[in-house]
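Reviewing the structure listed below.
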Amino acid sequence: MTEDELQKILETALPAADLHDVFVEECQDQDIRLRFSLKSGEKWSSADLLSLVDTSLRAAAGVASSLSHLNVTVLRAAHDADVIALSRVIRRDGEAVHVEAWLFSHAVVEPMLHVTASLVRRPSPR
């Protein structure tokens, strides 16, 4: 899948509140890099960050996937800047997909969140 294809899928499938001006920077094999932006004067809330986590995981595993297990480790507070999410599939096991994501404030230097999750893939609607 190309960056443009994933961008269109995310914009079509996700509620507007979960998009946070998402921009697909990279989409290679099973590795995804997304950038999320704040609107002027806003700050990242915990709910916003969990929304970014969900979007990042589903971008890697498949947008139609459902979360079954989630482990989030908060490493530091978010800055009032763009968030970069790096996510990748660790393992596929039948309908289960095990995914990892790292969230960074502004630049990929020091992560602020590390996430591991299992998702269940649903067949694509035909």
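The values are calculated or read from the model by the stated rules, or taken from the named source; none is laboratory data. On a predicted model such as this, the values are computed, not experimentally measured, just so you know. Positions of Cβ are generated from backbone atoms using ideal geometry, with glycine treated the same way; all protein chains shown enter the neighbour counts. Just so you know, the surface numbers come from the protein's heavy atoms only, side chains and all, with ligands and any DNA or RNA stripped out. Shrake-Rupley method; radii C 1.70, N 1.55, O 1.52, S 1.80 Å.
Screening R121 with (1) exposed (fewer than 14 other Cβ atoms within 10 Å of the Cβ); (2) closer than 21 Å to K8 by Cβ gives one miss only, at (1). Look at region 34-51: where a residue is under 17 Å from A101 (Cβ atoms) and a partner is open to solvent by 40 Å² or more (accessible area, probe 1.4 Å) and small (G, A, S), sitting 6+ places away or on another chain with Cβ atoms under 8 Å, you get S51/A17.
Of the residues making up region 91-115, those that are surrounded by 12 or more Cβ atoms within 10 Å (Cβ to Cβ) and among the acidic types (D, E) are E95, E100. Of the residues making up region 15-47, those that are in a helix (DSSP H, G or I) and open to solvent by 40 Å² or more (accessible area, probe 1.4 Å) are A16, A17, D18, S46, A47.
Going by the conditions given, is H79 under 14 Å from F104 (Cα atoms) and over 14 Å from the mean Cα position of the chain (by Cα)? In short, yes.
Residue-level check: of (1) closer than 18 Å to L119 by Cβ; (2) of a type in the set (G, A, S); (3) not in a strand (DSSP E or B), A107 misses just (1).
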